[in-house]
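One structure is given below, encoded as structure tokens.
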């Protein structure tokens, strides 16, 4: 079991910078496809492009003026307050765009999007529980409209002109650096910052907006090449391949392919950390590359993401490939030669690379760890504010896992928000994401900056105890006063009480109808997993909870990941797309005294779930609490009294 020490001041500053950088880049990264599309259209169809076309080229202006800032603002707002925040962010940034029509408002979008999300989030918390039944939609829509209009007007008169002036000053300063021939000096902070995992923050948070502005004027920009140049890292890896020994030498070729062709620069960071003096190699290589880019007039027409030589070549404008390749080659050669000086007589054992990789993960602060019930080694680096349990549908397995773990978090006195969602809806600000093992790769793709924990079942998992201990250690970085303040703020109270701990207004009066006694079937003979799932679906349909098509969706969900959640219980339910097949929230319970074999274990209780509007969440919480006690499940698996199961699992009207 690893431990997390109290961070020093420098570590806290680094974590703060990393968090801010990740926040900036998280607004841009989901929209990189749009930036690439705009870059390709620019490279191909502007008057100086490969295939000049006035009609298609007319897309360039509106895309950079409206589309890209709107997408950034929407993403920023959504990060803070989900879809509602995203919509408000898009409304708000329109005022900024129109208020500064001559400047692409990327920086304005990065400010207005999160601000709008924060505003609507505060409003929603203020009125929570105070809206009369039946007026929710009316108030939600009008509040968004009124607040959005106010923010748009404020953006038009204040934020737009302010950021237009700021952008002009920034561009003038950068242009002066270029005129003085000092642009290569940016490598002094770019290359070390990359090793600290600020690469995405630099590229997408700073250089992409600056480059996009420059492309609008010149058709290309060298800013797109400052961070993405694969040459410095390639030189280091080549030097290890030539001069290193053992497994370190043999690992270098694979790393070269991943870094140079795949564009995953993080692969070479441990090699630099293993021999920190190699920072000089990547800095000098980066400076040589930038100098060559400037001297040859190299630039890209759009953002290259990831930083692969293939992606870089794809967005290189007509006639610019040799200049770009020259800068990459020079950076590689310089980095290789400098690295050679330090590696020729360097002897490192295989353990050195492992230690460097661990150090690299520690600096990233959100390494993608994998944990199972055997051989657990869960690591948490940095302060954690939000933990998300995710499954394919987001309404069954993950909901019960979140409920189970939330109890442990509250018992430990940790001011951490524990919630659940479908994988496709994992929020960008999630610090830790918990998923079943075969869903973790999808979750990582959706939330690359989060710490990922893989488990085989959601209930009573030993991983939870290890994770709680790590969370206690990681949270200890705050001062006692800070922790006490956090624990009593309204935000923290909302975090602790949200999701499964609260049903929708009035939900308590309908919970008993979600689980009805006639939908509890006892003493069923053992069948196959598919037959048990279909029987649960048939009963849900016969009871008026779902349409018949929901049954097939339950089978499809089981194919994605097992709905066996541990302690002899399975909770089959439909995939997220099957929500249209649900008429009302409902739960049915099938008892198989001799068990039904599921992928991850034998289920004695098969609980079919159809969840609409969150009305089923309170019962899921009750179920999660009940089945954490294995003796309770054993009793319910053998009982011959329907009332025993009904009274244990149902939520009575309040």
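Remarks
- Highest-first arrangement of 410-419, 72-81, where packing means the average Cβ count within 10 Å: 72-81, 410-419
- Sequence-separation-based contact order of the stretch 211-312, relative, with Cα cut under 8 Å and 6+ spacing, percent: 42
- The stretch between residue 337 and residue 245 holds 31.3 nm of extra length on full extension. This uses 0.36 nm per residue minus the Cα-Cα distance.
- Taking other C-beta atoms within 10 Å as the exposure proxy, 627, 146 rank 146, 627 from fewest upward.
- Residues 38, 50 in ascending order of nearby Cβ atoms (within 10 Å, fewest first): 50, 38.
- Packing-based order for 114-123, 548-557, 129-138, using average beta carbon neighbours within 10 Å, highest first: 114-123, 548-557, 129-138
- For the listed peptides 226-238, 580-592, 59-71, a ranking on the average number of other beta carbons within 10 Å per residue, highest first, reads 226-238, 580-592, 59-71.
- Packing-based exposure ordering (other Cβ within 10 Å, fewest first) of 648, 292: 648, 292
- Modelled label positions at residue 437 and residue 472, each set 7 Å beyond Cα in the direction of Cβ, lie 2.8 nm from each other.
Only the coordinates and a few stated rules stand behind these numbers; no lab work does. Quick caveat, the model's predicted, so the values are computed rather than measured. When we count neighbours, we look across all protein chains shown, and the Cβ atoms used for this are built from the backbone with ideal geometry, even at glycine.
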